[in-house]
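**Q** Encoded as structure tokens, here's the structure I'll be asking about.
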Amino acid sequence: MLEVRQLDAFYGDARALWGVNLDVRAGQTVCVIGPNGAGKSTLINSIARLHTRTRGRIVVGGTDVCGVATHRVCSCGVAIVPEGRRMFAHMTVHDNLCLGAYRPEARKSYKDQLERVHELFPRLSERSGQLAGTLSGGEQQMVAIGRALMARPRLLLLDEPSLGLAPVVIDEVFDALARIGAQGVSILLVEQDVERALGLATRAYLLVEGRVAAEGSSAELRHSDAVRAAVLGS
């Protein structure tokens, strides 16, 4: 589903990614963990073409998206839930969700997708007419995930979905992500909460200073000395 090969990226003169290789198979959930400043968000934004890579290939479902205009990446089956949610605060929950279904293919199944989102997050149905900016942080994260699902993605990218949320809400969000993965959607998750990330994913990558320092099954990385040193400081 996703192949990243020899990916380099810069912020100004500062190099953020160094020859990153990463794979996500169809229907697989993969997480990227690492300390702050490791380049995790740069990686996920580069895959979504929100950040320009300087070298490398990003292939989604057989299509090299490096040659695709940024606004057309969604048509390749990619949707992103960005860090900080980025709601349209003065629009209703319903209208925020509708924006996710702008692709012609998604509009055809709009009602089915909306029902699917409401099944995952019943609170969004209850708050359909409420302004998104008046929701709690957890509810806004549910809107952000729901908006991405409205695009009918084959690959869902998530950047720090637990950020700023209460533990009970994080449980709810991660339960929903597990259900999304079980429905066949491939997931690439960037997450600071290492235990939750490894508990959800089947495969993981450790990113340190822009380089892949370790990779393997979630069970392998859970017991990795490299992960403990880089993320836990021990």
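Just so it is clear, none of the values below were taken in a lab; they were calculated from the coordinates. Everything numeric here is computed off the predicted structure, so don't read it as measured data. When we count neighbours, we look across all protein chains shown, and the Cβ atoms used for this are built from the backbone with ideal geometry, even at glycine.
**Q** Spelling out what I want: for every residue of the range 156-171, take phi, set θ = phi - 60°, compute 6.51 cos²θ - 1.76 cosθ + 1.60 (Karplus), and round to whole Hz; glycine and proline get x.
**A** 10, 9, 10, 10, 6, x, 8, 4, x, 9, 5, x, 5, 6, 4, 4
**Q** Oh, and also: If each Cα of the range 84-152 is one equal point scatterer, what is log10 of I(q)/I(0) from the Debye formula at q = 0.24, 0.29 Å⁻¹?
**A** -0.98, -1.35
**Q** Report, in debye and to the nearest 20, how large the dipole of the chain comes out about its Cα centre when Lys and Arg carry +1 and Asp and Glu carry -1 on their Cβ.
**A** Working: 27 positive and 25 negative charges, 154 e Å.
Here the chain has a charge dipole of around 740 debye.
**Q** Another question about this same structure. Going highest first, how would you order 130-139, 70-79 by mean Cβ packing within 10 Å? Walk me through the numbers on the way to the answer.
**A** Details: 130-139: 16.5, 70-79: 18.5.
The most tightly packed comes first, giving 70-79, 130-139.
**Q** In addition: Rounded to the nearest 500, what is the 222 nm mean residue ellipticity of the chain from helices alone, with -39500 (n - 2.57) per DSSP H run of 4+ residues and division by all residues?
**A** -9000 deg cm²/dmol
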